[in-house]
1. Can you confirm whether residue 215 is free of Cβ contacts under 8 Å to residues at least 60 places away in the same chain and out of contact with any strand residue (DSSP E or B) (no Cβ under 6 Å at 6 or more places or on another chain)?
2. Does any residue of region 253-270 turn out to be in a helix (DSSP H, G or I) and within 30 Å of residue 164 (Cβ to Cβ)?
3. For region 156-163, check the following and say yes or no: at least one residue is surrounded by fewer than 18 Cβ atoms within 10 Å (Cβ to Cβ) and within 22 Å of residue 277 (Cα to Cα).
4. Looking at 208, 246, which one is in a helix (DSSP H, G or I) and modelled with pLDDT under 95?
5. (1) surrounded by 17 or more Cβ atoms within 10 Å (Cβ to Cβ); (2) in contact with a helix residue (DSSP H, G or I) (Cβ under 7 Å, 6 or more places away or on another chain): which one isn't true of residue 81, the others all being true?
6. Test each condition in (1) outside the structural domain of residue 250 (by TED's automatic domain parsing); (2) in contact with a helix residue (DSSP H, G or I) (Cβ under 9 Å, 6 or more places away or on another chain); (3) not in a helix (DSSP H, G or I) for residue 150 and report the one that comes out false.
7. Are any residues in region 114-136 touching a helix residue (DSSP H, G or I) at 6+ places or on another chain (Cβ under 9 Å) and modelled with pLDDT of 90 or more, and if so, which ones?
8. Name the one entry in 216, 235 that is assigned to a helix (DSSP H, G or I) and either within 29 Å of residue 53 (Cβ to Cβ) or outside the structural domain of residue 95 (by TED's automatic domain parsing) (or both).
C-alpha cells in the first residue's frame, strides 16, 4: 500500500501561495479593477474557493466554508462588469476589419462602456476583502496546529481524513463531468465549471495522484474552448438587448451584426464539443488513486 500523501502540509503551503498571489495582484491595482487585472483577480479568487472546498472537511466537516464563501462573495462583487467588458472587447475585435459593420460595432461598444455597472461601493469592497483576509488567517491557524513543518510531525488520522475527502471530491467531480456527456450549447458553461473544478483539484494534488495528471491538458483545452463559446453567446445576448432598445434604423444596423456572430458561435460550440469528446474518452477509465 502506498504511503499517504502529506496533504496537510500541501494544503498549508497552497493556502500561503494563494494568499500571496492574491495580495500581489491587489498591490498592482488602484481603484476598481477592469480588463486583465479584473480577470486575474477573479481567477485567483476562484482558485482560493476551489482549494477551500476541496480541503474543507479538515479538521471537521465544513471547516473550509468560511474561506470558500468569502472568496466567492468578493469575486461576485468584482464581476458585475465582466460580461460587458468581454462583450465590448470581442465586439471591437470581431468587426475591426469589416468596414461595413465596424461603425455599428463601435457604437454598441461605446454604449456598453457607458451603461456598465459601476460595481460595489468602496465600503462594500473593503468589507468583503477584510472578511476574506480574516478567513485566510483563521484557516492558516488551523493548519499551523495540525502540522509542524520543522519537525515533520502531523496527525495520521487527519492525513487519512483529508486524503479520503479529497479523493472522494475528485471522483465526484469526474462522475458529474462524465454524466453531463458532450454538452449542447446551453450545457457548455455548466460543463466548463465542472471541468474547472476538477482541474484545480488535480493541480493541487500534483504528483501525489500521478495518473490523472494526463487529464490536465484536456481539461484546460475544454475549459478554454467552452469559455470562448460562452463569451460569444453572451455577446450575442448583449447585441440583441441593445438592438431591442434602439430606434428602428439603429436596430436594423445592430441586427446586421448577428449573422456573423451566430456563425462564430456555431463554430465555437463545435470546437468545444470536439474537445469535450476527447476529454470524456480519457476520463472514462481514469482511476483516482494516490501514488
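1. no
2. no
3. no
4. Every option except 208 fails the conditions.
5. That leaves (2) as the condition not met.
6. (2)
7. 124, 125, 128, 129, 131, 132, 133, 134, 135, 136
8. After ruling out the rest, the residue left standing is 216.
The values are calculated or read from the model by the stated rules, or taken from the named source; none is laboratory data. Quick caveat: nothing in here was measured; it's all calculated off a predicted structure. All Cβ positions, even for glycine, are placed from backbone atoms using ideal geometry, and neighbour counts span all protein chains on display.
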